[in-house]
1. Rolling a 1.4 Å sphere over the protein heavy atoms, what is the accessible area per residue of segment 457-584, to the nearest Å²?
2. Once you charge only the Cβ atoms, +1 for Lys and Arg and -1 for Asp and Glu, what is the size of the charge dipole of segment 455-548 about its Cα centre, to the nearest 20 debye?
3. According to the Cα gyration tensor, what semi-axes, each the square root of 5 times an eigenvalue, does the equivalent ellipsoid of segment 94-135 have, listed from largest to smallest in whole Å?
4. Just subtract the alpha-carbon distance of GLN434 and ALA455 from 0.36 nm times their residue separation and send over the number in nm, one decimal.
5. So which of LYS117/LYS413; LYS493/LYS524; LYS117/LYS524; LYS413/LYS524; LYS117/LYS493 end up more than 18 Å apart by C-alpha?
6. Full-extension gain between ASP337 and SER145, please, as 0.36 nm times their residue separation minus the C-alpha to C-alpha distance.
7. How much FRET efficiency would the formula 1/(1 + (r/R0)^6) give for GLN174 and GLU365, where r is the Cβ-Cβ distance and R0 is 25 Å, rounded to 0.05?
8. From zero outward in steps of 5 Å, how is the percent of C-alpha pairs of segment 113-234 spread across the bins?
Amino acid sequence: MTDFLFPCALSRFFFSPARRSVSSAVLAGVVLGALLAAQPLALAAPALPANPATNPEPAASDAARAELTDIFRRLAQAGISADSVSWAVLRLDGTPGGHAVSIYRSDQPVMLASTTKLVTTLAANELLGPRFAWRTQAVLEGTLSGGVLSGDLRLIGGGDASLTYERLRQWFVQLQKRGLKRITGQIILDDRAFAITPADMAATPGPSSNSPLHTWPDAYIVNTSAYQLSRAAPTAAPAAGAAVGAVAGSVASAPRSDGAIADAAIARALKAPAAPAAPAQLARPAPEWQFSPALPDVPLTIASDSRCSPRAQWLPQDAPHPTGVLLMGLGGKNCVDKPRTVVLRPSPLSSAGLTRAAWEAAGGELDGHVVWATPAPPPKPVKGRKAQRVRPPKAWATLASEPLPQLIRHTNKTSDNLYARHLLLSLAPGFPAQPARLAAARQRVQDWLIRQGLAKNAIALDNGSGLARSEQARVQDLARFVALQWAKPAQQKLILQTLPVAGEDGTLARYFKGSSAQGIAHLKTGTLNGVRALAGVVTPKNGLPVALSVVVVSPNAHRAMPALQRWVEWVARYASQAPAPPAVATPPAAPAAPAASAP
């Protein structure tokens with residue numbers, strides 16, 4: 001098969017008679033100037049060098065040249081310059097790491113956005129194994145007799161990002177069938193399996209009303225965010241000091257007139273300092289409204305608003321550990337004549353409230369509260385004795401998530417940031433018996449990447465989801481990583497089964513409909529403000545599969561997807577096999593190749 005490279009020196013075609021009639025001097029200047037100023041397309045050796053040299057441009061068809069010109073024209077029309085784009089395309093022909101057929105500005109480090117999840121999920125699949133699952137454990141701290149636990153029920157979180165209100169309720173039904181019907185003490189939520197520090201989150205955008213998907217990792221989290229908001233049934237006016245806007249008695253005490261949580265002990269249980277829920281002039285208590293699933297004892301306030309557009313946000317606004325909920329957009333007498341869906345990102349407050357709501361909905365009784373575990377003091381060293389490893393408490397019952405392949409499928413198909421962040425933390429050595437530390441998890445993945453054949457820090461990881469702009473790599477390194485994993489049957493299977501399929505499912509369901517890439521492009525998408533990215537594999541029906549990575553970094557990146565769709569179709573048509581070479585002038589000689597190649 002003839003090695004080929006798609007053209008960079010487009011001037012012969014661009015100014016040919018066939019194109020002169022449809023081209024303007026302005027368009028020629030924009031496209032050609034950008035192309036010539038950027039790194040030219042080059043055909044690399046079977047393994048990409050660390051700093052790829054510019055190699056001669058081999059023959060390529062007029063059709064390929066024409067389509068590539070049109071792609072750059074579309075990018076220019078979207079306000080995206082040629083030097084805002086980087087790509088690498090590797091034919092998977094059995095060459096270790098793939099055979100480069102098209103690279104463009106591929107040696108420039110760029111933000112990967114959610115294509116970072118490819119690294120996180122493929123590392124998890126190989127290092128944790130397909131039988132891995134997140135596990136939540138129930139530990140009895142007391143005596144169980146006659147259906148009554150005289151003591152506390154401790155729920156030890158194992159990082160299960162798939163734990164929802166409904167799964168928790170069903171598990172509680174099973175616990176009650178086993179004989180646990182009433183708890184005289186507390187339900188203690190233990191999330192100490194993740195040892196996360198503020199420094200771990202410094203590079204990642206925090207939760208906010210504008211970023212509902214930016215949820216902090218938590219070893220015990222009830223990952224339910226959609227609630228049905230409806231008017232509560234008329235009841236007698238609450239007594240002075242009673243909880244407002246929620247069922248009494250679980251995770252928060254009565255609010256003061258300024259909306260702050262009054263009980264400092266309960267505030268600590270909520271993992272948040274006492275703080276005002278909302279300025280008095282903006283909101284009032286809202287006992288006439290209720291959520292389903294319920295959020296027991298979460299104070300609800302309502303903002304003065306004449307519009308009918310129901311929505312909710314945590315208070316204080318954008319706080320990682322909120323203390324109440326503000327309802328907005330409920331103006332008008334008949335605004336909510338039937339339940340309406342509102343979204344609240346998961347938080348410690350909702351996890352505690354939903355835990356109690358699930359327990360009671362399952363038919364259980366709780367005399368105490370739902371509280372968070374406090375860190376245990378380290379054991380005091382005894383002179384002359386080795387430190388003894390603390391044995392974990394014996395679980396009375398365990399709730400397991402789906403096996404790892406299903407977790408990865410959800411992560412990649414939906415680009416779930418919380419799942420990806422929890423998967424990276426799960427890679428920390430010793431987890432879950434030892435608390436997961438993010439730095440240790442990152443290092444384990446970096447060590448694994450080196451064993452795959454990549455250079456040290458070729459792919460920079462922060463939280464594993466792509467939310468951090470510091471998660472960067474050269475597109476040639478990410479494409480080569482995909483190619484290396486494709487050579488392993490288990491990883492190849494995972495790529496095909498878990499990445500979004502063009503025009504069919506996941507984050508690509510609405511793209512590539514009716515195109516030549518539909519059904520054959522398995523690509524992880526990446527989106528940040530000013531960034532659009534795709535990475536994965538294209539498997540043509542006729543020809544060899546190709547690995548690719550393409551990134552656009554531009555203020556107008558949000559306009560890039562139409563051009564990127566055409567680019568993927570272009571790859572699908574031409575990259576898997578060499579077209580018949582047309583007569584093309586001999587290209588200039590290439591500069592000398594570097595002495596050594598990257599591993």
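The values are calculated or read from the model by the stated rules, or taken from the named source; none is laboratory data. Computed from a predicted model, the values in this text were never measured in an experiment. FYI the Cβ positions are ideal-geometry reconstructions off the backbone, even for glycines, and counts take in every protein chain you see. Side chains are part of the model used for accessible areas, which takes the heavy atoms of the whole protein and leaves out ligands, DNA and RNA. Shrake-Rupley method; radii C 1.70, N 1.55, O 1.52, S 1.80 Å.
1. Value returned for segment 457-584: 34 Å² of accessible area per residue.
2. The dipole magnitude comes to about 140 debye.
3. 29, 16, 6
4. Answer, rounded to one decimal: 4.6 nm.
5. none
6. That pair, ASP337 and SER145, stretches by 64.5 nm at full extension.
7. Details: r = 16 Å, r/R0 = 0.66.
Here the calculated transfer efficiency is 0.90.
8. 2, 8, 12, 16, 18, 15, 12, 9, 5, 2, 0, 0
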